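> Quick one: structure below, then a few questions.
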Amino acid sequence: MSCGPRRDGGCLAQIKETKGIAQVSNEKTGSITTAEPTIEKETRSEEELDLPWQVVVHNDPVNLMSYVTMVFQRVFGYPRERAERHMLEVHHKGRSILWSGMREPAELYVQQLHGYLLLATLEKAC
Amino acid sequence: MEIRRRKDQIEISELDPFLAELLRQIPGSANPEGAPAAEQRLFSLPTNRKETEICAEWKTYVEPELRSLFQTATQTVAIDLEQLNGNEKSLANRTLRIPAKHADAWLSALNQARLVIAAKNNFTENELNDHFRSPIGSRRDLSLFQVNFYGFLQEFILRELED
């Protein structure tokens, strides 16, 4: 974890962190002063910082509607009605967001969709 | 031509030589080599070009897997189609029996062939939706007929998978 800048109060001062509040003890005077809370920059894991990703399927005049519906059912486990709704959205609006979430599973979904020869992309959610 | 389900097989009977020849052409038609548009369609990018890292990883790791997946499907279909070999000069109608467990391979190979033919010919959406276009007067018309014929087979196989 990397942190932000601190005020260390000189070479004799020691900094202890207690729930984000820095206590500065001075050995010469024996006094303990509570410094202003330090503002720490937390380094989040890459996964936490990752924006949600969307799995988007684009219209393709060659793939059959029944085939696209079957693929959505197989890949996402959607019931037929939901799969058909997405298929019709692709057909009429040119694209449909099938799934959104973390990058890794989104990539796997896109890979599976390409395996079925659908035009699918991975997009960062706005 | 008749197509029906018989136990664990899909049987296409009374195949005249013309339709039998179209079926024989499935594996060859599914090959995108030499046609950049077809290659791009079968191996489309997984995201926009700005995501260079994802695109590069995809090319390295995923594309070879997809290529292998598609080839396995067309090879399975090619083996099933060997039933139509021999007696090329005979005009007798033929029968093709597809094991039900090969249905997914057939769906994939038919789809590959349809996409490659459509990309090579740059068919428009209107052309693809014009199911009453006839007669076959050019190579382009024949290719369109091929796309529609393969689509008809896909529809039948899909119905069988649902049942």
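> Tell me, what HN-Hα J-couplings in whole Hz come from the Karplus equation 6.51 cos²θ - 1.76 cosθ + 1.60 at θ = phi - 60° for each residue of the stretch A:62-73, using x for Gly and Pro?
8, 5, 6, 4, 5, 5, 4, 4, 4, 5, 4, 5
> Please say if the stretch B:1-48 is rounded, prolate or oblate, where rounded means a/c under 1.5 for a ≥ b ≥ c the square roots of the C-alpha gyration tensor eigenvalues, and otherwise the choice is prolate for a/b larger than b/c and oblate otherwise?
Oblate shape, in that a/c is at least 1.5 and b/c is the bigger or equal ratio.
> Just from the alpha-carbon atoms, what are the Rg and Dmax of the stretch B:2-162 in angstroms?
Calculated on Cα positions, Rg and Dmax stand at 17.2, 56 Å.
> Could I ask something else about it? For chain B, what is the calculated [θ] at 222 nm in deg cm²/dmol (nearest 500), taking -39500 (n - 2.57) for each run of four or more DSSP H residues and dividing by its residue count?
-17500 deg cm²/dmol
> To the nearest 0.05, what FRET efficiency results for B:THR95 and B:ASN126 with a Förster distance of 30 Å applied to their C-beta separation?
0.25
> OK, next. Full-extension gain between B:ILE136 and B:GLU155, please, as 0.36 nm times their residue separation minus the C-alpha to C-alpha distance.
Extra length available between B:ILE136 and B:GLU155 comes to 4.6 nm.
> Using a Gaussian network model of chain B whose springs link C-alpha atoms within less than 10 Å, name the residue from B:ILE26, B:ILE98, B:ILE54 with the highest mean-square fluctuation.
Result for chain B, Cα springs under 10 Å: B:ILE54 fluctuates most.
> Top mean-square fluctuation among B:SER29, B:SER68, B:SER143, Gaussian network model of chain B, C-alpha springs under 10 Å?
B:SER68
> What is the stretch B:96-153 by shape, rounded, prolate or oblate, if you read a ≥ b ≥ c off the alpha carbon gyration tensor as root eigenvalues and call it rounded for a/c under 1.5, prolate for a/b larger than b/c, and oblate otherwise?
Because a/c hits 1.5 or more and a/b exceeds b/c, the stretch B:96-153 counts as prolate.
> Another question about this same structure. Which ³J(HN,Hα) values in Hz, rounded to whole numbers, follow from the phi angles of the stretch B:65-73 under the Karplus curve 6.51 cos²θ - 1.76 cosθ + 1.60, where θ = phi - 60° and Gly and Pro get x?
Working through the residues one at a time gives 5, 5, 4, 5, 4, 5, 5, 4, 5 Hz.
> Along each of its three principal axes, how wide is the spread of alpha-carbon positions in the stretch B:40-130, in whole angstrom units, largest first?
Cα extents, longest axis first: 56, 33, 23 Å.
No value in this document is a laboratory result; all are computed from the given coordinates. Nothing here was measured: the structure is a model prediction, and the numbers come from that model. As a convention, Cβ positions derive from the backbone with ideal geometry for all residues, glycine included, and neighbour counts pool all protein chains shown.
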